[in-house]
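Working notes, beginning with the structure itself.
The values are calculated or read from the model by the stated rules, or taken from the named source; none is laboratory data. Bear in mind the structure is a predicted one, so any value in this text is a computation, not a measurement. Cβ placement follows ideal geometry from the backbone for every residue including glycine, while neighbour counts extend to all protein chains displayed.
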Ligand code: SF4
């Protein structure tokens, strides 16, 4: 198996979404995603990317004064990320990953897995997720949404994220959380704060 990944970008910022909102982290955005969601805000990552070896990636990550990495995309599970995650763990990194969960993957070296289900999702990945982040818009199927609620009983943080931070979607999320208080709100803080 290749020891390279197609990397769209590496940058240092703050986690903008989910339970770890606000922590400093180095983002490793891998290129490519076959899901093609209409509301995707990382389309630029689909095609653009350069092949980097695990060593080249680690060297670039370690140029920053932080040892939290968020592996994201695109869709990281469409590439062979697991050996990189293992090497980063061995070097003392805390490894987060954001995935659509469509295909089961080896996440044994991921400290915090966020699954954001889209058109289809693997039950195995939902069971392994530390957080399930559901994008909620006006056309969200509320009956389907409810199928994710039981994962809160297994310790996962079940977060509702208003699509595009739109007020009507925020209002819907707030209503749903008040009705189901085991849920929580995930705003896209980085967009509100105007940071990358
Ligand atoms: S799964 Fe995520 S990265 Fe892929 S198209 Fe959908 S929103 Fe974009």
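Screening 176, 160, 172 for residues that are within 21 Å of residue 41 (Cβ to Cβ) and touching a helix residue (DSSP H, G or I) at 6+ places or on another chain (Cβ under 8 Å) leaves exactly one candidate, 160. Residue pairs whose Cβ atoms lie under 6 Å apart, separated by 6 or more positions or on different chains, with the first residue in the range 74-88 and over 14 Å from residue 35 (Cα atoms) and in a helix (DSSP H, G or I) and the second near the ligand (Cβ under 10 Å from one of its atoms) and modelled with pLDDT under 95, do not occur. Residue 134 meets all of the listed conditions (1) within 15 Å of residue 39 (Cβ to Cβ); (2) in contact (Cβ under 8 Å) with a residue 12 or more places away in the chain; (3) exposed (fewer than 13 other Cβ atoms within 10 Å of the Cβ) but one, namely (3). Can you tell me which residue is nearest to the chain's Cα centre (by Cα) among those in the range 181-196 that are surrounded by fewer than 16 Cβ atoms within 10 Å (Cβ to Cβ) and under 13 Å from residue 157 (Cα atoms)? It comes out as 185. Exactly one residue out of 115, 174, 121, 158 is crowded, with 17+ Cβ neighbours inside 10 Å, in contact with a strand residue (DSSP E or B) (Cβ under 8 Å, 6 or more places away or on another chain), more than 21 Å from residue 38 (Cβ to Cβ) and without any contact (Cβ under 8 Å) to a residue 60 or more places away in the chain, and it is 158.
For the range 91-192, the helices (runs of 4 or more DSSP H) that sit wholly inside it and include 2 or more residues that are at pLDDT 95 or above and within 16 Å of the ligand (Cβ to nearest atom) are 123-128.
Scanning the range 56-73 for residues that are away from the ligand (no atom under 16 Å from the Cβ), within 13 Å of residue 10 (Cβ to Cβ) and outside any helix (DSSP H, G or I) returns 62, 63, 64, 66, 69.
Of the set (1) surrounded by 16 or more Cβ atoms within 10 Å (Cβ to Cβ); (2) over 18 Å from residue 3 (Cα atoms), all apply to residue 44 but (1).
Selection of the range 19-35 for residues being near the ligand (Cβ under 8 Å from one of its atoms) and touching a helix residue (DSSP H, G or I) at 6+ places or on another chain (Cβ under 9 Å) yields 33, 34.
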